[in-house]
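**Q** I have a structure here, written as structure tokens, and I will follow up with some questions on it.
The values are calculated or read from the model by the stated rules, or taken from the named source; none is laboratory data. Everything numeric here is computed off the predicted structure, so don't read it as measured data. Counting neighbours? That spans all protein chains shown, and the Cβs are built from the backbone with ideal geometry, glycine included. Please note that ligands, DNA and RNA were not included when accessible areas were found on the heavy atoms of the full protein model with its side chains. Shrake-Rupley method; radii C 1.70, N 1.55, O 1.52, S 1.80 Å.
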Amino acid sequence: MNHACMSECYGRLMTSNANEKCEAFRICLCVLWRRAAEAEREEIMEITGKVNEVRKQVKEWRRQGLTVGLVPTMGYLHDGHKSLIVRAAAENDRVVVSDFVNPIQFGPNEDLATYPRDIEADKKLCEEAGAALIFHPEPEEMYAPDFSTYVEMQKVSEGLCGKTRPTHFRGVCTVVCKLFNIVSPDRAYFGQKDAQQMAVIRRMVRDLNMDVEIVGCPIIREADGLARSSRNTYLNEAQRKAALVLSRAVFCGEEMMKNGERDAGAILKAMREIIEAEPLAKTDYVEMVDADTIEPVTRAEGRVLTAMAVYIGKTRLIDNFIVEL
Ligand code: PAF
């Protein structure tokens, strides 16, 4: 007997003339109903670290004719991730969130060891946002000791962040490809804050004929403009204030384009000046590129991505905007 059926029986019993037998039956039903509701709730949010359990669950959903959305994350979830999960839950019958700090996308001197983690808080956020399953594997579950197969991309992954982080997108493509193979989602959701990552993943999906729709979602900002990022947690008070140069530069560039400026040089100069006026900030890059190919442009035409990476102390933050002209 399922939950809906029990609810109906219970309703009928409540409105009938109760005798003692009926009362006993009612209590019994009450207990069963509560258990069914609990089981249903449990079904709403499972967590597993095992590839075969994810596969088993997704197969069962497929058997029931349900659609599946995937939100790949590295955990320490914030409102940006939440917006992806909420959207995925609105567009799919079930949502899987992967919560995995992927070691192979970090360079040797990067923050793998200190990358923030809080699985309990992540579970809560996923549940609130409507996820059905969290995939939270250990690195050993994802990478055999003799792991030796990587997805490598040319061009799209080489500019912008690829210059400072030469092995980063190889790690991203490899893990995202693995996640697609594990979950077989109908759709996968990524934030525009990592605009180059999105271009890289779209290219990988196209080039390798992966059967998944990539959905890009807008950047979520704090009230003062700072783009949400798990790495914001590294900033002390002074750095947190200084970090606002990124969004200020973004808003300035956007405004210039809105007012008709098309010359990349003029827009980038104004944006760089904002960043360079902040003593705690050190520019890695501020560039204007084609949003799909990531090739530099001199004029804003078509779909252009204006992106930046800026160090605030040791923390490297990114921000961007895309304009379609
Ligand atoms: O954007 C991220 O958090 C990661 O790069 C991703 C896509 C989850 C792959 O590890």
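**Q** Mind ranking Lys50, Lys193, Lys314 by accessible surface for me, highest first, 1.4 Å probe?
**A** Ranked list, largest accessible area first: Lys314, Lys50, Lys193.
**Q** Now a separate question. Could you identify which residue out of Lys59, Lys178, Lys258 has the top mean-square fluctuation in a GNM of the chain using Cα springs shorter than 10 Å?
**A** Looking only at Lys59, Lys178, Lys258, the biggest GNM fluctuation is shown by Lys258.
**Q** Please give the calculated 222 nm ellipticity per residue for the chain, where each DSSP H segment of at least 4 residues contributes -39500 (n - 2.57) and the sum is spread over every residue; nearest 500 deg cm²/dmol? Walk me through the numbers before you get to the answer.
**A** Numbers: 12 runs with 146 residues, N = 325.
Taking each H run of at least 4 residues, the total per residue is -14000 deg cm²/dmol.
**Q** Next up: Assuming a ≥ b ≥ c are the square roots of the Cα gyration tensor eigenvalues, decide whether the range 34-185 counts as rounded (a/c under 1.5), prolate (otherwise, with a/b larger than b/c) or oblate.
**A** prolate
**Q** Say the dipole of the chain comes from +1 at the beta carbon of Lys and Arg and -1 at that of Asp and Glu; which of Phe180, Val304, Leu160 then lies farthest toward its positive end?
**A** The residue sitting farthest along the positive end of the dipole is Phe180.
**Q** To continue, here is another question. Treating the angle as unsigned and between 0 and 90°, give the value, to the nearest 10°, between the Cα long axis of helix 79-91 and the longest Cα principal axis of the chain.
**A** 50 degrees
**Q** Once the convex hull of the alpha carbons of the range 191-297 is built, what does its volume come to per residue, in cubic angstrom?
**A** Given the Cα convex hull of the range 191-297, per-residue volume reads 129 Å³.
**Q** So for the chain: antiparallel DSSP bridges make up what percent, rounded to the nearest 5?
**A** 55 percent
**Q** Once you've got the GNM for the chain with C-alpha springs shorter than 10 Å, pick whichever of Ala300, Ala144, Ala132 has the biggest mean-square fluctuation.
**A** Looking only at Ala300, Ala144, Ala132, the largest GNM fluctuation is found for Ala144.
**Q** Right, next: Could you put Glu141, Glu237 in order of accessible surface area, largest first, with the 1.4 Å probe and the full protein assembly present? Before the final figure, lay out the partial values.
**A** Numbers: Glu141 65, Glu237 145 Å².
My answer, sorted largest first, is Glu237, Glu141.
**Q** Quick one: length gained pulling Glu261 to Glu273 fully straight, 0.36 nm per residue minus the C-alpha distance? Before the final figure, lay out each step's value.
**A** On the way: separation 12, 0.36 × 12 = 4.32 nm, distance 1.67 nm.
Taking Glu261 through Glu273 to full extension adds about 2.6 nm, to one decimal.
**Q** Mind listing the phi-derived Karplus ³J(HN,Hα) values for the range 285-300, rounded to whole Hz, using 6.51, -1.76 and 1.60 with θ = phi - 60°, and x for any glycine or proline?
**A** Result, ordered by residue: 8, 9, 9, 10, 9, 5, 5, 9, 9, 6, 8, x, 10, 9, 10, 7 Hz.
**Q** Let me ask something else. Any chance you could list the semi-axes, whole Å, largest first, of the equivalent ellipsoid that the Cα gyration tensor gives for the chain, using √(5λ)?
**A** Each semi-axis is √(5λ); the values are 45, 22, 19 Å.
**Q** Right, something else. For the range 228-291, what is the relative contact order in percent, using Cα pairs closer than 8 Å and at least 6 residues apart in sequence?
**A** Reported as a whole number, the value is 32 percent.
**Q** Mind pulling the angle between the C-alpha long axis of helix 119-129 and the longest principal axis of the chain? Nearest 10 degrees, somewhere in 0 to 90.
**A** Roughly 80 degrees between the two axes.
**Q** With +1 assigned to the C-beta of every Lys and Arg and -1 to the C-beta of every Asp and Glu, and no other charges, what is the dipole magnitude of the chain about the Cα centre in debye, to the nearest 20? List each step's numbers first, then the result.
**A** Values: 43 positive and 50 negative charges, 41 e Å.
It comes to approximately 200 debye.
**Q** Can you tally the net charge around Pro166? Count Lys and Arg as +1, Asp and Glu as -1, for every other residue whose Cβ sits under 15 Å from the Cβ of Pro166.
**A** Computed value for this residue: +1.
**Q** Putting +1 on Lys and Arg Cβ atoms and -1 on Asp and Glu Cβ atoms, find which of Leu226, Ile134, Leu268 reaches farthest to the positive end of the dipole of the chain.
**A** Of Leu226, Ile134, Leu268, it is Ile134.
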